[in-house]
Amino acid sequence: MEGVSTEKYVKTATRHTEPQGIIKNLFWNQQQKIAPYLFIAPFYLLFVIFMGYPLISSLVMSLYEMRGFQSRIFVGIGNFTDLFRDPIFWKSLKNTSYFAVGTLTLQLPIALLLAILLNSKFVRGKNILRLAFFAPVLVAGVFVAIIFNLVYDQRAGLVNQEFVLFGKEIGWLNEEKYVMPAVILTGVWQWAGFNMIYFLAGLQGIRQELYEAAAVDGASWWQAFIHVTLPSLRPVIAFVFVVSMIGSLQLFDLPFILTNGGEPADAGSTIVMYLYKNGFQFMRLGYAATIGWVLFFIIAVISIVQLKLLGIFRDE
Amino acid sequence: MFRLPFDSESFPLGKGPMVMLILFLVSTLFIFGRSEETGEKLEFWIFANTHYEEYQARVPIFEAQNPGVNVQLINFGGTMHDKLLAAMLSNFGAPDLVEVEITSIGRFLKGAIDEVGFVDLRPRLESEGWMEKLVVSRFTPWSYRGKIFGIPHDLHPVVLLYRDDLFKAAGVEMTEIETWDDFIAAGKKATRDLDGDGEIDQYALVLDRRTESDYFSLLLQQGGGFFDEEGNVIIDSELAIETLEFFTALFNEHKIATPVYGTWHGDPSNFAAMQDGKILSILSPDWYVGILKSQVPQMSGKWKAISMPAWHPGGRRTTTRGGTMIGITKQSKNPDLAWEVLKFTYFDRPGLINRYETTRIIPPLKSAWDAPIFKEPDAYLGGQPLGELLIELAPDMPPRYQNPYWSEGADLLNDAIFAAVTEKQTPREALTDLAEKVRALIAKDRGRWGDM
């Protein structure tokens, strides 16, 4: 191949030695250098327009506050100092962290367990089960929220039907203390199957010889799990952990629809919901941009710490 | 065989990219080369499905009467207000006509009054004599600093819907109720544990303690509000505190009210509780009757309506909740034509009668009220002519003053009500804190850019 293209190149170059072909000749001479940049240009162009510009623009915006629709006023770090004194922001941060911790401690172990079960040779109908567990991801978040509104229905909901045994109608979406648990459980239903797929892929990538060697050494199932499965899954666990954490911190649509805007008493309010309310409902775009940047720093710091702790930066 | 006029193989990078390029050029020609439609075009944004359906039927009539005019209706649903906000911020892409919901309009009034994105309709209303023909108190939600930015779509008077059968079974004749004191006495009889298991099986009233909806309706009935006409915060007035004390007492002292089931009055959970006979009455604006009819048709004949109980004998027997306006944006290139479409959809008698038929919404145009349909018996209310009652109450509706800080205020008011009902704060503490917060917010903005 190399020979052919060089030959063609030489041919092309010699064909245009006359003066009118000099520019064209120059282009063809340079094309191998230019071509890669042209190929990646669409991405960078779109990135600059749809990511770079808005990012910079929102950073600038966080230093201003809108004065109606047409003008704005410079407030410096005023929005940041306001935010750190804003009790609803802290409550939203607390709720978001609650969700994130709930997701990591409840959803990921369930996802891993499902993956192990579906990877075991003793389970039948794996394909159907895999589809069944994965299916909730295909449902848009808005519909999930609407469905779970019925599931948590105080009078006739599925969850309270089970609780009839205790003779109590729990207002899952009506009492402060139950709101976030209800959101977390919905998140488990929606995303456990998705994370299960990652774990399953990870499990299938573990070499069988490792288990055989462990068996030869007399390791029990549990010992094999602790000393073979988990260490081999480390990169997958790290990935799922970080991605789930980022997703959790960006939680918005589920509680917004499930609780009809975060009520009662902001028990369902999250950081992104508070950002949305400030930007679109209160027309405080500078403040909303500030919340966005604070969230960005929170996510960046947590992700780096997580990746460090999980040893992703370590050389294998 | 068909042959291209050039060798497709010599095209840089081969056939595939060539086909893509041709498709790109053809579609570009198709998009930009389309001949401009002749005549005048108007864009009309809507967020409510029922309104959209109504105008879909009405607009062709307008177009037939005005040849060459093309009105494009776009129903964006709940996200419409955000799209409008973006269009107004970027000063590009807003429609000619738009409907805005009452709790959303505040944010559009922020900033200098001359920078508001809607056309002031007061001159047109006054010069054409429409002010006298409409319910004037209903302009307050859509007005700010003397300018009228929208025409009311509705009045939304509130009545008390009740289960006549269940109140009668408890020995209560609801038509004799005149004041809230009467209602509390009746409610205590009707709120009962029917099977003796120690749990209340039926509550006299259902109230929303998660949001401002019911409390604010009661406060308006009293003649109070969150802001006064000049934009001052009055949510910590004695009237507001007394009303919240009354509201919390219905739950905690008299124990005749149950919190709404689910997240709002229109939640399936709430409908289920109604069907189980757990809820005996509800404060209902006209539109809520429309929702009940469509969502729980099986309860037809079970409800009846009376005027709301008054705070004092002879006092106001109604309030208002919810609402929509129509406005003309300043981005409209043809505000005169937009005004004609507005009048056709909002002030045309046959259209308004049709609206009542489908949604039970009473129009603000007084001259439409004598139409026979408003006197017709309503099967859903066991033959009671609901329209007659609503029209009787409409002139007495309280004003609701609009303010750019309504959204922030309402969000905090929700928390204050919940804190008072769950006894985390006294009503006085909750409302005083709330008023301080909103005043501080306004003071901060004024400190930054002066009074506007």
Practice task
Quick one: what are the phi-derived ³J(HN,Hα) couplings along the range A:30-43, Karplus 6.51/-1.76/1.60 with θ = phi - 60°, whole Hz, x for glycine and proline?
Solution key: 8, 4, 5, 7, 7, 3, x, 5, 5, 5, 8, 4, x, 4
Handout entry: Relative contact order (%) - criterion: Cα under 8 Å, at least six apart; region: the range B:225-339
Key = 10 percent
Problem - GNM flexibility winner over chain A from A:112, A:230, A:249 (Cα, springs under 10 Å) - result: A:230
Fill in the blank from the handout: Kirkwood Rh for the range B:140-210 from C-alpha pairs, in Å, is 15.3 Å
Problem - Sequence-distant residues sharing a close amide H with residue B:153 (under 5 Å, placed H) - result: B:324, B:325, B:326
Completion exercise
For the pair residue B:56 and residue A:210, the simple spin-label estimate (label points 7 Å beyond Cα toward Cβ) gives in nm 5.8 nm
Completion exercise
Note on the protein assembly as shown: alpha-carbon gyration tensor, axes a ≥ b ≥ c; rule is a/c under 1.5 for rounded, else prolate if a/b larger than b/c, else oblate; result oblate
Exercise for the section: Only residues of the range B:261-303 count here: report those whose backbone N is under 17 Å from the spot 7 Å along Cα→Cβ of residue B:201, or say none. Expected result: B:273-281
Completion exercise
Flagged as over-length at 25 Å C-alpha distance, from B:255/B:375; A:277/B:437; B:255/B:304; B:293/B:375, the pairs are B:255/B:375
Exercise for the section: Report ³J(HN,Hα) in whole Hz for each residue of the range B:289-297, in order, from the Karplus equation J = 6.51 cos²θ - 1.76 cosθ + 1.60 where θ = phi - 60°; Gly and Pro get x. Expected result: 4, x, 5, 4, 4, 7, 8, 10, x
Practice task
Return the lysines within reach of residue A:33: Cα separation strictly under 30 angstrom, same-chain partners fewer than 8 residues apart disregarded; answer none if there are no such residues.
Solution key: A:8, A:11, A:24, B:15
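Could you work out the relative contact order of chain B? I mean the mean sequence separation of Cα pairs under 8 Å and 6+ apart, divided by the number of residues, in percent.
Details: 720 pairs, mean separation 106.4, N = 452.
Relative contact order, chain B: 24 percent.
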Fill in the blank from the handout: Partner shielding of B:260-267, as the mean number of partner chain Cβ atoms within 10 Å, equals 6
Fill in the blank from the handout: Under 5 Å from the placed amide H of residue B:378, counting only residues 5+ away or on other chains, we find B:383, B:384, B:386
Exercise for the section: Compute the relative contact order of the range B:17-106 as a whole-number percentage, counting only Cα pairs closer than 8 Å that sit 6 or more residues apart in sequence. Expected result: 35 percent
Exercise for the section: Have a look at A:297, A:241, A:39 and tell me which one the Gaussian network model of chain A (Cα, springs below 10 Å) gives the largest fluctuation. Expected result: A:39
Fill in the blank from the handout: Restricted to the protein assembly as shown, the DSSP antiparallel beta bridge percent, nearest 5, is 65 percent
Fill in the blank from the handout: In debye to the nearest 20, the charge dipole size for chain B, taken about the Cα centre with +1 at each Lys and Arg Cβ and -1 at each Asp and Glu Cβ, equals 860 debye
Handout entry: Which of B:269, A:244, B:367 has the fewest Cβ neighbours within 10 Å, and the rest in rising order
Key = B:367, A:244, B:269
Handout entry: Prolate/oblate/rounded call for the range B:311-437, Cα gyration tensor, a/c under 1.5 rounded
Key = oblate
Practice task
Collect residues whose amide H, placed 1.01 Å from N in the peptide plane, falls under 5 Å from the amide H of residue B:70; neighbours closer than 5 in sequence don't count.
Solution key: B:40, B:41, B:42
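For the range B:167-254, rounded, prolate or oblate, judged on the Cα gyration tensor with a ≥ b ≥ c (square roots of eigenvalues), a/c < 1.5 rounded, else prolate if a/b > b/c? List each step's numbers first, then the result.
Details: a/c = 3.21, a/b = 2.10, b/c = 1.53.
Prolate, because a/c is 1.5 or more and a/b exceeds b/c.
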Fill in the blank from the handout: Sequence order, the range B:249-262: Karplus ³J(HN,Hα) from phi using 6.51 cos²θ - 1.76 cosθ + 1.60, θ = phi - 60°, Hz rounded, Gly and Pro as x, gives 5, 4, 7, 8, 9, 7, 6, 10, 10, 10, x, 4, 7, x
Practice task
Provide the FRET efficiency to the nearest 0.05 for the residue B:112-residue A:170 pair, computing r from the beta carbons and using R0 = 56 Å.
Solution key: 0.70
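For B:254, B:156, what ranking results if the residue with the fewest other Cβ atoms within 10 Å of its Cβ goes first? List each step's numbers first, then the result.
Values: B:254 17, B:156 28.
Ordered by Cβ neighbours within 10 Å, fewest first: B:254, B:156.
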Problem - Sorted by Cβ density within 10 Å, fewest first, the residues B:178, B:392, B:408, B:199 - result: B:199, B:392, B:178, B:408
Practice task
May I ask you to list the chymotrypsin sites (Phe, Trp or Tyr not before Pro) in the range A:62-125 that are in a DSSP loop and have at most 11 other Cβ atoms within 10 Å of their Cβ?
Solution key: A:122
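All of the numbers you see were taken from the coordinates with simple rules; none came from a lab. Since the structure is predicted, the reported quantities are computational estimates derived from the model, not experimental observations. Positions of Cβ are backbone-derived with ideal geometry, glycine not excepted, and every protein chain shown enters the neighbour counts.
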